[in-house]
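Contents: one structure, followed by commentary.
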Amino acid sequence: MAGVFNVKQQLTFYGAYHSNKMNVAIHMICVPLIVWSTLVWLSALPLPESLAPPNFKPITVNKYISYEATWAWVFFFVYEAYYLILEPVAAVRAMPIEGSKPN
């Protein structure tokens with residue numbers, strides 16, 4: 001289990017299976033798109049009231065964007081927590097904007 005949080009071991013494993021330049025390029029483009037599309041789908045699923053932050057009210061930026069407690073938030077925070085533990089600088093640089101959906 002400790003290997004999951006070892007960035008050198010993770011990069012060694014990645015390099016062993018992704019040494020082809022085209023494969024790396026595809027991953028650099030497609031993985032962020034997959035994460036983003038997962039967040040979009042999950043943003044349509046509101047959290048049950050028992051899991052929502054207490055006294056949280058949706059934040060409306062304009063008529064198209066509002067921030068609500070959704071499953072996208074759960075996914076994002078678990079995902080970011082893992083990468084902040086694994087490699088903090090890279091995690092902050094790659095942090096996606098999440099949780100927004102049209103009204």
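The values are calculated or read from the model by the stated rules, or taken from the named source; none is laboratory data. Worth saying up front: this structure is predicted, and the values here are computed from it rather than measured. In this analysis, Cβ positions are derived from the backbone assuming ideal geometry, glycine residues included, and neighbour counts consider all displayed protein chains. When the accessible area is computed, the model is the full protein with side chains, heavy atoms only, and any ligands, DNA or RNA have been set aside. Shrake-Rupley method; radii C 1.70, N 1.55, O 1.52, S 1.80 Å.
Checking the conditions here, which among Ile65, Ile26 is open to solvent by less than 90 Å² (accessible area, probe 1.4 Å), on the phi < 0 side of the Ramachandran plot, at pLDDT below 80 and of a type in the set (Val, Ile, Thr)? Steps first, please.
Details: Ile26 fails: at pLDDT below 80.
Only one candidate qualifies: Ile65.
Name, by its number, the condition in (1) touching a residue at least 24 places away in the same chain (Cβ under 8 Å); (2) in a helix (DSSP H, G or I) that does not hold for Ala44.
(2)
Anything in the stretch 72-83 that is without any contact (Cβ under 8 Å) to a residue 12 or more places away in the chain and surrounded by 15 or more Cβ atoms within 10 Å (Cβ to Cβ)? List them, or say none.
Across the stretch 72-83, the qualifying residue is only Tyr83.
Please determine whether any residue of the stretch 1-22 is open to solvent by less than 50 Å² (accessible area, probe 1.4 Å), at pLDDT 80 or above and on the phi < 0 side of the Ramachandran plot. Please lay out each step first, then the result.
The initial filter retains those residues of the stretch 1-22 that are open to solvent by less than 50 Å² (accessible area, probe 1.4 Å), namely 3, 7, 15, 18.
Cutting the leftovers down to at pLDDT 80 or above gives us none.
Looking through the stretch 1-22, none of the residues is open to solvent by less than 50 Å² (accessible area, probe 1.4 Å), at pLDDT 80 or above and on the phi < 0 side of the Ramachandran plot.
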